[in-house]
Amino acid sequence: MSLIAHYLDADNQIHSDIDLEAVLTARKSRSGLLWLDLTGAGDDERELLLDEFKFHPLVVDGAINTDVRPARVEDFGDYIFVNARSVDYAAETEVVQTTDLGMFIGQNFVVTVHNEEMPSVEAVKQLVEIDGRPMMKGSGFFAHALFDSLIQAILPTLDRMEDHADAIEEQVLVNPDNSALIALMAIKRSCLSLNRALIPQREVLSRLGRREFDLLGSGVDIYFRDLIDDLLRVQTANDVIRERADTSLATYLSVVSNRQNEIMKVLSIVATIFLPLGLIAGLFGMNFVNMPGLGFRWGYHIVVAASLIALALVIWMFWLKRWVIAGAGLFRPRRLTRFVPSAVDPVQLTGFLTQTTVRSLRRAESDITSTARWVPSIFQRINPVNLRRETGERQSDSD
């Protein structure tokens, strides 16, 4: 279990990693903005959400439960509950897995609940720890920053899936073996998994962008509608990959069928060639007493040797054509290796999501001058080299 809280007071001063007592004090003050992030919440966190924040028990149980839940948004008057989904980068499987992020959005607080570490949340957390700028425009804009980072986190996985689709297409044309078929089915299942996560999420963003909830404040609705366009681009890219997989599957079946036809053609030719030999063997195999060559001493050995040589030549020809498996593996093209679409460097992923969040905040920033002074320092802090250095310092401190 991990509980991390940040509080932006009324003077726009950020207080990072505050303890539970400070969380309760900030909750009761009803000023500023409190962000409480729960990872792998248990019974103690459930009691905190029920007793102190007065959330509905069913919603709390659904947010803490590890079962996959569809994206949705519900209005409870004093707060809004939003369940969003993104790629699960903790799952090392060949099929893309998704994970949930539950957000409780109130007037002066945002509570996020997730079962796994999420790079999208970590990217927003790094920006908050710098000067709290993502939280300065209220809970609605902060929820938008979380949602934006959540959607952008899907892009690296889609890029890897596109590269893998290229490799599959080449493998299908060169050597359509079982590894290509297994990879095709895995990428089709990944696209289906992403579709199940993204389609309900579009309705959630549509409701958030219709000014349906007063708690979000004014002006944030247009940014949620902008996220719908980003989500549609992600869905389009996912659909393109799925169509490429369908095309590759059709190509695979066509190539396999053509190869079978070629094999049958060659076998027919071989059978035609051996028909006269079979006829001769049948003639000399007749049981007549007066047949030429029956008294020749080495006749039997010559026929057996010729038969073995012919058999060896046929098997050698089949081996060269890769119609027999034994011994042909050394000369086969390279097979597709195991592919994990979500296996992305976490430091680079967090840096990418941080930069996209900064760009989103810069669009939402009304004071252009203050943004121009703030953004260069942010990009300097989120440089991948600096991120690795800071990560190493944190690890050394913990050691």
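Please treat every number below as a calculation from the coordinates, not as lab data. A quick note: this is a predicted structure, and the numbers were derived from the prediction, not measured. Don't worry about glycine lacking a Cβ; one is built from the backbone with ideal geometry, like all the others, and counts go over all protein chains shown.
Toward the positive end of the charge dipole of segment 186-289, with +1 on the Cβ of Lys and Arg and -1 on the Cβ of Asp and Glu, the farthest Cα among 209, 289, 238 is that of 289. For segment 135-277, the dipole from Cβ point charges (+1 on Lys and Arg, -1 on Asp and Glu) about the Cα centre works out to 360 debye, to the nearest 20.
Backbone phi angles across segment 95-103, fed through the Karplus curve with coefficients 6.51, -1.76 and 1.60 (θ = phi - 60°), yield HN-Hα couplings of 10, 4, 10, 10, 10, 9, 10, x, 10 Hz in residue order; Gly and Pro are listed as x.
Close amide H contacts of residue 110 (hydrogens built in the peptide plane, cut-off under 5 Å, sequence separation of 5 or more or a different chain): 34, 35, 36.
Rounded to the nearest Hz, the phi-derived 3J(HN,Hα) couplings of segment 27-37 under the Karplus curve 6.51 cos²θ - 1.76 cosθ + 1.60 (θ = phi - 60°) are 5, 7, 5, 6, 9, x, 9, 10, 10, 10, 10, where x marks glycine and proline. Net charge dipole, segment 74-195: roughly 340 debye, given to the nearest 20, about the Cα centre with Cβ charges of +1 for Lys and Arg and -1 for Asp and Glu.
Express the relative contact order of segment 1-107 as a whole percentage, based on alpha carbon pairs under 8 Å and six or more residues apart in sequence. Here the relative contact order equals 18 percent. Packing, as the average of other Cβ atoms within 10 Å across residues, places the peptides 149-157, 77-85 in the order 149-157, 77-85, highest first. Evaluating 6.51 cos²θ - 1.76 cosθ + 1.60 at θ = phi - 60° for every residue in segment 142-147, the Karplus couplings come out as 5, 5, 4, 4, 5, 5 Hz, glycine and proline recorded as x. Rounded, prolate or oblate: which fits segment 24-181 when a ≥ b ≥ c are the square roots of the eigenvalues of the alpha-carbon gyration tensor, with rounded for a/c under 1.5 and prolate only if a/b beats b/c? Prolate shape, in that a/c is at least 1.5 and a/b is the bigger ratio. Placing +1 on each Lys and Arg Cβ and -1 on each Asp and Glu Cβ, with no other charges, gives segment 66-106 a dipole about its Cα centre of roughly 100 debye. Panel order for 248, 16, by other beta carbons found within 10 Å of each beta carbon, from fewest to most: 16, 248.
Mind running the shape call on segment 104-191? Use the C-alpha gyration tensor, a ≥ b ≥ c as the square roots of the eigenvalues: rounded below 1.5 for a/c, prolate if a/b tops b/c, oblate otherwise.
Values: a/c = 4.32, a/b = 3.33, b/c = 1.30.
It comes out prolate by the Cα gyration axes.
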